[in-house]
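The values are calculated or read from the model by the stated rules, or taken from the named source; none is laboratory data. In this text the structure is predicted, and so the values were computed from the model without any measurement. Neighbour counts run over all protein chains shown; Cβ positions are idealised from the backbone, glycine included.
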Amino acid sequence: MVSKLDEQAVRHVAHLARLSVTDDEVARYAQQLSRVLTYVEQLNELDTEGVPPTAHALPVSNVLRADELGHPIQQEQALHNAPRQQDGFFRVPKVLDQETA
Amino acid sequence: MIASATDIAKAVRTKECSAKEVAAQCLARIESTDGNTHAFLRISGEKAIERARQVDEAIARGEDPGPLAGVPIAVKDNICTVGGTTTCGSKILEKFESRYDAHVAQRLQAAGAVIVGKTNLDEFGMGSSTENTATATTCNPWNASRVAGGSSGGSAAAVAARMVPAAIGSDTGGSIRQPASFCSVVGLKGTYGRVSRYGLVAYGSSLDQIGPLAVEARDVALLMGVIAGHDRRDSTSVDAEVPDYVAGLDDPLDGLRIGISEEYLGEGLDEEVRGCVMAAIENLKTRGASVVPIHLPHMNYAIACYYVIVTAEASSNLARFDGVHYGHRTPEPKDMIDMYASSRGEGFGAEVKRRIMLGTYALSSGYYDAYYLKALKVRTLIRRDFEEAFQSVDAIASPVAPTPAFTIGEKTEDPLAMYLSDIYTISANLAGICAISVPCGFSGAGLPIGLQLMGPAFGEGKLLSVAHQYQQATDHHEQVPPASSTD
């Protein structure tokens, strides 16, 4: 397990998370997150061979409901908090013609 | 001095006083008290008075408005309510207006309660001190230089300072219990699935639970009975009968087996906290309880396990804040990617960014198995420890936090130190079990100390009756903080 998160790795993770970070933040997060990751590595002391993972604490799964007409949110309600909107749509900057990595 | 929720509901239902009078008194009390405490982010005075008037009208028509008739309640600001903002203490949701009420808000109002305002929190619930907030830090009503705890610090402080008889918080790793302990009030985190999360802004979805805070366990029982129960809008809500928690409060404790675990009383525990917790356990023994030593071998791995899982879930949940559908959008984005990254970079605070990055890292290609999957497996071991323990005991007693409330600013530059303060509370969330925090004394410096009682899944009734009977025999909860004795 790699314990140290260097500044390059912080920038990569920030990009994956779509978070803009300043140079100051990168330096600070590299140090703080490395400390947390080092702490977290104590989990490796435990043998978990054959132990099933717990995603939810209680055995509730595949909860279904009838596919009935409900009262969906109205368009103007859905758009109420939109930072920008136009003609009943959410408006965003142009998506095509750019790198999307 | 504001009365208990139980007494207010009784007085309003019997027309001894009107809901409107109660609401007006409560709002005046908040106005005069909250200036130094900063428990509230928003007070909805007009709406509260209007709502109280409706309760009074129902009573005048001969209807029963419900078990919380006219009871003023404060709600943590990560729980959606219609009318005004729901900000989660975040700049990114500074102007967000929910178009629907959370399940708990609907239940409370259907029971006659009057929501008077929204309380401060660590941004999105991420923190243990209510310092990670876009607005002012909530101060501890017992000592303004100390934190109120977190993340439901505003709810705990509002109750402790007698601004409201009861409040609603949320608990992902101790966020109801730890501030309850720091502020000397009772706080209950129910079993995972006991209270619907519909309308709770998601943080760690497999851990989050909504629960009540009040001065007395009786009021907590009253509120829990109202908010618990199945809701089809939350697929993790459990369809199990809700017992009458209030009716069970005086069930005899004879034969009650209380487990104590060395893992919860070892290194790092403040001596004064240990003293108060042990004295509380002795008190319960005089009430017919017996003490059984238990062992929870994986307890020491809980923090590491928790911070991998909760940050992974947070990074996924908070992906929804993208500057498109709601929330802050950067004014001049270069392109689509920049719009996402800059909106999020400008809108989230430091701790939220840290947790998103930690979680993104733990879920990223090449690290998923080593961190996230490993933590899920350790979670199984922790859950099994509790299952085994509850074969031989009815409840487990422990401290809520290793120390009384720490000083404001003390841990803000050291995230790991802040995480370690959650050591005694997070296991209950990982295991999905219920747990309650009850005032059990004060340090020499006059800071509150809390006793935690953990119970098996759906064991809330037992925890409430133990807490209630302990409070009947003690007066810690009757002490009133200096910040609230000014009028």
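Of note:
- Listed by position, the helices (runs of 4 or more DSSP H) inside region A:1-96 whose residues that are within 7 Å of another protein chain (Cβ to nearest Cβ) and either under 23 Å from residue B:306 (Cα atoms) or under 24 Å from the mean Cα position of the chain (by Cα) (or both) number at least 3 are A:7-16, A:23-40.
- Looking across region B:392-430, the residues that are closer than 23 Å to residue B:379 by Cα, small (Gly, Ala, Ser) and under 17 Å from the mean Cα position of the chain (by Cα) come down to B:401, B:421, B:427, B:428.
- Within region B:351-366, the residues that satisfy the criterion of being more than 8 Å from every other protein chain (Cβ to nearest Cβ) and either surrounded by fewer than 24 Cβ atoms within 10 Å (Cβ to Cβ) or not in a helix (DSSP H, G or I) (or both) are B:351, B:363, B:365, B:366.
- Some residue of region B:210-218 being in contact with a Gly (Cβ under 7 Å, 6 or more places away or on another chain) and within 12 Å of chain A (Cβ to nearest Cβ): no
- Residue B:304 satisfies every condition listed in (1) surrounded by fewer than 21 Cβ atoms within 10 Å (Cβ to Cβ); (2) within 14 Å of chain A (Cβ to nearest Cβ) except (1).
- Checked against the criterion of being buried (at least 22 other Cβ atoms within 10 Å of the Cβ), more than 10 Å from chain A (Cβ to nearest Cβ) and modelled with pLDDT of 95 or more, the candidates B:312, B:247, B:279 yield just one match: B:312.
- Among the residues of region B:267-314, those that are of a type in the set (Val, Ile, Thr) and in contact with a helix residue (DSSP H, G or I) (Cβ under 7 Å, 6 or more places away or on another chain) comprise B:291, B:292, B:294, B:303, B:308, B:309, B:311.
- Helices (runs of 4 or more DSSP H) fully within region B:1-104 counting 2 or more residues that are surrounded by 16 or more Cβ atoms within 10 Å (Cβ to Cβ), among the hydroxyl-bearing types (Ser, Thr, Tyr) and touching a residue at least 60 places away in the same chain (Cβ under 8 Å): B:19-37
- Failed item, numbered, when residue B:26 is tested on (1) within 20 Å of the chain's Cα centre (by Cα); (2) under 12 Å from residue B:164 (Cβ atoms): (1)
- Of the residues contained in region B:356-367, none is found to be within 28 Å of residue A:84 (Cα to Cα) and either modelled with pLDDT under 95 or acidic (Asp, Glu) (or both).
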